[in-house]
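Data block below; observations after.
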Amino acid sequence: MATISRMWFIFLGITCFYVTYSYGENMPQRTLSRGTHQEALLGLKALKASITRRDSIASTPPSFSPSPTPSPLPPQEIKKPHVYLVTSYGADPTGNSDSTEALLAAIADAAKGPSEGFLMKDIKDLGGAQINLEGGKYIISQPLKLPLARAGNLMIHGGTIRASNLFPPDGHLIDLSTSGESNSYNYEYITLKNLLLDSNFRGGGIAIKNSLRINIDNCYITHFSTTGILVQSGHETYIRNTFLGQHITAGGDKHERDFSGTGISLQGNDNAVTDVVIFSADIGILVTGQANTLSGVHCYNKASGFGGTGIYLKLPGLTQTRIVNSYMDYTNIVAEDPVQLHISSSFFLGDAGIVLKSVKGVVSGLNIVDNMFSGLNKGVDIVKLDQSNSHFNQIDQVFVARNVVRGMNLKATAAKMSLLGNGTSWTADFNKVLLFPNLIKHVVYSLSASGNTFPNHALRNVSQNRVVIETDEAVNANVFVTVDQGNAS
């Protein structure tokens, strides 16, 4: 078929040449007018089209049927991204006017947006919807809440939110809570990121209640009068790379004695605080829930000498808390009746230490190991006992050892001592180093006598944290004694 098509085009070329030549030979020798010339060209084009059409028909296979004209495609639905720009809702990024309604409208649209299924039971997956603050500064007069419970996979990020003078003093700028009691979780996988939250000394920063797997990342929370971050019930809230302070200061503030409020309050289980700085508050972190982890925390919120506390573990009888790789800067860790508490690899500066506070006299499963303490040479103990309510009388599996101390008094539950003398009695006094008074549970000793004598010797007395070794004759000897207060019963 392709050969026949090419032959038709060759024939067409010869015909056009012949017509043109004949037309030129028979035409009078004159200049063609514009109209006559145009008519000739149109005639040639008509002839060419006629020959081409016949060629196309001739080359079409007998079985070929022309394709029907395709129907127009239905218009496709335009899928909108799950990103909600708050300025498109009328929010004022300059902070000159109240943006509460605009921000709540953006949150409402995100909450009722397309669902990608479910996370935990009955928690709607919003598909990673984002409330984008677009780097603006927004004033609000009431807390920002989701309009419905049982939602997740949502992010609020990228701007500054500040409380107005009309903001309720008991509220939080961002409030992930619902009214009424519920046996199921309110929210799951909500992320609050890259936010500066200014409470304007009216209430707190963030409240998370009965929720699961909440992320607070790279936030700066300041000027709170109650709590910077409140975590109540639920579990697995992760707070990381965040700065909190009631007042914006870098230490040495002349009004430090007046600092109030709490940086972070953990009233639930299984949460983690990582790489967080609390630079001004009466209490840096208050823990009243079990199985929480604090790592990389720097507290210089209020010096203990001014009545402040860096980390307060208010869980008498079942603490289950781990504090590692942290920095207590002139402020203490306080633990009430600690049971299963681990503190290690941390640095304590400026006479900061650890206070064990007796409520019912219980301390068990306590490890305070491998820390550094640096003090002001004022005779402060690295670990102190607060027995103002009752004496510790149930002590078991307590290990305070391997700590490095400078300018403070070393305290431990295990100690060693060597004595050199000539006589029949050796007394090893461990009161300066042992943590608990009048408590030695385990003693190991050895006696090395000089000369050719082989005296009989015995452990005669263990009381008031003193160990007495006696021989049946006077000898010149070295006595080595090891004691332990907290071995397993």
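The values are calculated or read from the model by the stated rules, or taken from the named source; none is laboratory data. Since the model is a prediction, treat every value here as computed from it, not as a measurement. In this analysis, Cβ positions are derived from the backbone assuming ideal geometry, glycine residues included, and neighbour counts consider all displayed protein chains. Surface accessibility is based on the protein's heavy atoms, side chains included, excluding ligands, DNA and RNA. Shrake-Rupley method; radii C 1.70, N 1.55, O 1.52, S 1.80 Å.
A few comments on the model shown:
- Any chance A428 is farther than 30 Å from N325 by Cβ, exposed (fewer than 15 other Cβ atoms within 10 Å of the Cβ) and of a type in the set (G, A, S): no
- Among (1) modelled with pLDDT of 95 or more; (2) touching an Asp or Glu at 6+ places or on another chain (Cβ under 9 Å); (3) open to solvent by 30 Å² or more (accessible area, probe 1.4 Å), the one test that G205 misses: (3)
- Residue ID - modelled with the lowest pLDDT, chosen from residues in region 146-167 that are in contact with a helix residue (DSSP H, G or I) (Cβ under 7 Å, 6 or more places away or on another chain) and surrounded by fewer than 21 Cβ atoms within 10 Å (Cβ to Cβ): L148
- Residue within region 280-288 that is within 15 Å of the chain's Cα centre (by Cα), modelled with pLDDT of 95 or more and not aromatic (F, W, Y) present: yes
- Unique match (being on the phi < 0 side of the Ramachandran plot and in a strand (DSSP E or B)) among I264, I248: I264
- Annotation note: Cβ proximity below 7 Å between a residue of region 242-269 that is open to solvent by less than 20 Å² (accessible area, probe 1.4 Å) and a residue that is basic (K, R) (sequence gap 6+ or interchain) occurs for F259/K302.
- Taking the criterion of being in contact (Cβ under 8 Å) with a residue 40 or more places away in the chain, in contact with a Gly (Cβ under 8 Å, 6 or more places away or on another chain) and surrounded by 21 or more Cβ atoms within 10 Å (Cβ to Cβ), the residues of region 120-142 that qualify are I123, L126, A129, L133, Y138, I139.
- Taken together, the criteria exclude L85 from residues that are of a type in the set (A, V, I, L, M), over 26 Å from the mean Cα position of the chain (by Cα) and open to solvent by 10 Å² or more (accessible area, probe 1.4 Å).
- Tally of residues being part of a loop (DSSP other than H, G, I, E, B) and open to solvent by 40 Å² or more (accessible area, probe 1.4 Å) across region 440-453: 5
- Selection within region 88-99 - surrounded by fewer than 14 Cβ atoms within 10 Å (Cβ to Cβ) and part of a loop (DSSP other than H, G, I, E, B): G90, T94, N96, S97
- Annotation note: Cβ proximity below 7 Å between a residue of region 375-388 that is farther than 16 Å from F347 by Cα and a residue that is surrounded by fewer than 17 Cβ atoms within 10 Å (Cβ to Cβ) (sequence gap 6+ or interchain) occurs for N377/G407.
- Per the listing A415, A428, the residue uniquely touching a residue at least 60 places away in the same chain (Cβ under 8 Å) and under 23 Å from F480 (Cβ atoms) is A415.
- For H391: the one exception among (1) within 43 Å of the chain's Cα centre (by Cα); (2) outside the structural domain of G365 (by the TED database): (2)
- Checking the stated criteria, S345 turns out to be of a type in the set (S, T, Y) and at positive phi.
- Sole exception among (1) on the phi < 0 side of the Ramachandran plot; (2) over 43 Å from the mean Cα position of the chain (by Cα); (3) small (G, A, S) for G451, by number: (1)
- Looking across region 190-199, the residues that are open to solvent by 30 Å² or more (accessible area, probe 1.4 Å) and out of contact with any Ser or Thr (no Cβ under 9 Å at 6 or more places or on another chain) come down to K193, N194.
- Whichever residue in region 454-477 is open to solvent by less than 60 Å² (accessible area, probe 1.4 Å), more than 54 Å from the chain's Cα centre (by Cα) and not small (G, A, S) and, among such residues, is nearest to Q397 (Cα to Cα): I469
- The one condition from (1) open to solvent by less than 10 Å² (accessible area, probe 1.4 Å); (2) under 25 Å from P143 (Cα atoms); (3) not in a loop (DSSP other than H, G, I, E, B) that L294 does not meet is (2).
- Hey, R213 open to solvent by 40 Å² or more (accessible area, probe 1.4 Å), in contact with a Phe, Trp or Tyr (Cβ under 8 Å, 6 or more places away or on another chain) and farther than 22 Å from I278 by Cβ or not: yes
- Residues of region 168-188 include none that is touching a helix residue (DSSP H, G or I) at 6+ places or on another chain (Cβ under 9 Å) and either touching a residue at least 60 places away in the same chain (Cβ under 8 Å) or open to solvent by 10 Å² or more (accessible area, probe 1.4 Å) (or both).
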